[in-house]
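Let me begin by presenting the structure, written as structure tokens, before commenting on it.
The values are calculated or read from the model by the stated rules, or taken from the named source; none is laboratory data. The structure displayed is predicted, hence computed values, not measured ones. Here the Cβ is made from the backbone with ideal geometry for all residues, glycine too, and neighbour counts use every protein chain on show.
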Amino acid sequence: MSELKIFLLIALVFVLFYFVPFDSPIVAQSILNGFKMLNDYARQHVLLCLVPAFFIAGTISAMLKKDAVLKLLGPNAKRFVSYPVAAVSGAILAVCSCTILPLFGGIYKKGAGIGPATTFLFAGPAINVAAIFLTARVLGWDLGIARMLATITAAVFIGLTMELLFREKGSGGFVTAQGNEGDLRGVVFFLLQLSFMILAGLRINNNVKNVGLGLIGASTLMMATFGFEREKTKLWLSETWDFAKKILPYLFVGVFLAGVITKLLPEEIVVRLLGRNDLWSTLVASVIGAFMYFATLTEVPIVQALRELGMAKGPTLALLMAGNSLSLPSMIVITKLLGKKKAFTYFALVVLFSTIFGMLYGVVD
Amino acid sequence: MAKKVEVFGKGCARCKQTIKIMETAIKELGVDAVVEKVEDINEIVSRGIVATPAIAVDGKIVLTGKIPTLEEAKEILTQN
């Protein structure tokens, strides 16, 4: 951090403490609600959803070999293979948002071309294990599943449209030098932890659940201790810790802010802008989502807050879809990679398809 | 001639860590090498790299998608 940044940060905090009227009831309530929401997340979601999700992300990055999947996105891959693969492979290729853009650029210029690349770019951030499960737990399983399916489908449509409009294929292929990273044990280990998370999310008899979780947890521990070389287990733990370190602070801040805005933001505004399952509300949600930056997973508490204030279901889905795949910072990098014309077309398509799928979901509901 | 060690990555924490490890390895081994950051996304992509951090020694890509351990970093430096 540069000295200037530190100064600005301190100045900002000072101004905040100077001007905020902490005595007024609305401020006090907002802050209290921020802590209440943190309390709720700590009790409900940290141990059974976030912690397993970090371990899974660690497994993906330390123990799974990605070359085979990447080949399916290469320059010689068949279209009907590369599109679906691009739509779902974000789950194992893009565990963190900072890895998505180089991958996108690679698929575009060196691999399967602009279509599958934009499919990957749109679906990548939304399709990861943590995002799907946290959405499902916090906002309900119907929305969690709708988010996943709508994102995958919309991603393919967006990619196909981009290819139809611009017809650019990549060439050259990727360079990977990962060493002997993964084998079948890695896959088993991954599935074991995934089943832990799925089971933790199910609404079944608590005793059955606890026994199941205990069994799976114990097998995971056994496998971690005896199933791999020391070095590998260490790498797994350090990658896991890396994710936790990177994501948790932002998420906690996000949850707190979500709690604060639940009290601070007037309900009428949310209801007027986002309160109906009509074209206007859904479009507004898509556009807000496209510009706003959500740190990994923070879209969930923010959307939760807006739901409580009266956002309708259609706009909710639209906001989640557009919110995850675009933000002002990512727009800049995408424009650099694609050039203005293609980039703006892509942004427009994201807003368009998020709106369409949001509307559909709102109508069905 | 000094070896050219390029570290690819868009300035994320993992890439910074990789640079640090490579610099430490160079110092400990006492080899003649310079570390160069490559942050331009178009440059990274045009080299065929899809997973960052990545490392190239004298233009040849030797590691992608992970932070090397200090031992791995030394191996990279001595073998390339």
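Which of the numbered conditions does residue A:231 fail, given that it passes all the others? Conditions: (1) under 29 Å from residue B:12 (Cβ atoms); (2) in contact (Cβ under 8 Å) with a residue 24 or more places away in the chain; (3) of a type in the set (D, E, K, R).
(2)
Of all residues in segment A:120-130 being assigned to a helix (DSSP H, G or I) and not hydrophobic (A, V, I, L, M, F, W, C), which is farthest from the other protein chains (Cβ to nearest Cβ)?
A:125
Looking at segment A:23-34, I want the residues that are buried (at least 17 other Cβ atoms within 10 Å of the Cβ) and have a partner that is of a type in the set (Gly, Ala, Ser) and in a helix (DSSP H, G or I) with Cβ atoms under 7 Å, at least 6 apart or on another chain. Which pairs are those?
Sorted first by the residue in segment A:23-34, then by its partner, the pairs are A:33/A:259; A:34/A:259.
Please work out if residue A:35 is of a type in the set (A, V, I, L, M, F, W, C), assigned to a helix (DSSP H, G or I) and under 22 Å from residue A:301 (Cβ atoms).
yes
Quick check on this structure: which one of A:262, A:233, A:220 is surrounded by 14 or more Cβ atoms within 10 Å (Cβ to Cβ), over 20 Å from the mean Cα position of the chain (by Cα), within 14 Å of another protein chain (Cβ to nearest Cβ) and of a type in the set (S, T, N, Q)?
Of the residues listed, the single one that is surrounded by 14 or more Cβ atoms within 10 Å (Cβ to Cβ), over 20 Å from the mean Cα position of the chain (by Cα), within 14 Å of another protein chain (Cβ to nearest Cβ) and of a type in the set (S, T, N, Q) is A:233.
Checking the structure you have, find out if any residue of segment A:115-125 is β-branched (Val, Ile, Thr), at pLDDT 90 or above and surrounded by 20 or more Cβ atoms within 10 Å (Cβ to Cβ).
Yes, some residue in segment A:115-125 is β-branched (Val, Ile, Thr), at pLDDT 90 or above and surrounded by 20 or more Cβ atoms within 10 Å (Cβ to Cβ).
Quick one: is residue A:14 at pLDDT 90 or above, surrounded by 13 or more Cβ atoms within 10 Å (Cβ to Cβ) and within 30 Å of residue B:13 (Cβ to Cβ)?
So residue A:14 fails the test.
Consider segment A:219-263. How many of its residues are closer than 18 Å to residue A:58 by Cα and small (Gly, Ala, Ser)?
Residues meeting the conditions: 5.
Taking the condition of a type in the set (Phe, Trp, Tyr), touching a helix residue (DSSP H, G or I) at 6+ places or on another chain (Cβ under 8 Å), in a helix (DSSP H, G or I) and buried (at least 16 other Cβ atoms within 10 Å of the Cβ), does residue A:241 pass?
Working: of a type in the set (Phe, Trp, Tyr): yes; touching a helix residue (DSSP H, G or I) at 6+ places or on another chain (Cβ under 8 Å): yes; in a helix (DSSP H, G or I): yes; buried (at least 16 other Cβ atoms within 10 Å of the Cβ): no.
Here the answer is no, as residue A:241 does not meet what is asked.
Please count how many residues of segment A:66-119 are part of a helix (DSSP H, G or I), touching a residue at least 60 places away in the same chain (Cβ under 8 Å) and over 17 Å from residue A:333 (Cα atoms).
Within segment A:66-119, residues that are part of a helix (DSSP H, G or I), touching a residue at least 60 places away in the same chain (Cβ under 8 Å) and over 17 Å from residue A:333 (Cα atoms) number 8.
Restricting attention to segment A:64-114, which residues are over 25 Å from residue A:247 (Cα atoms), modelled with pLDDT under 80 and within 11 Å of another protein chain (Cβ to nearest Cβ)?
Across segment A:64-114, the qualifying residue is only A:67.
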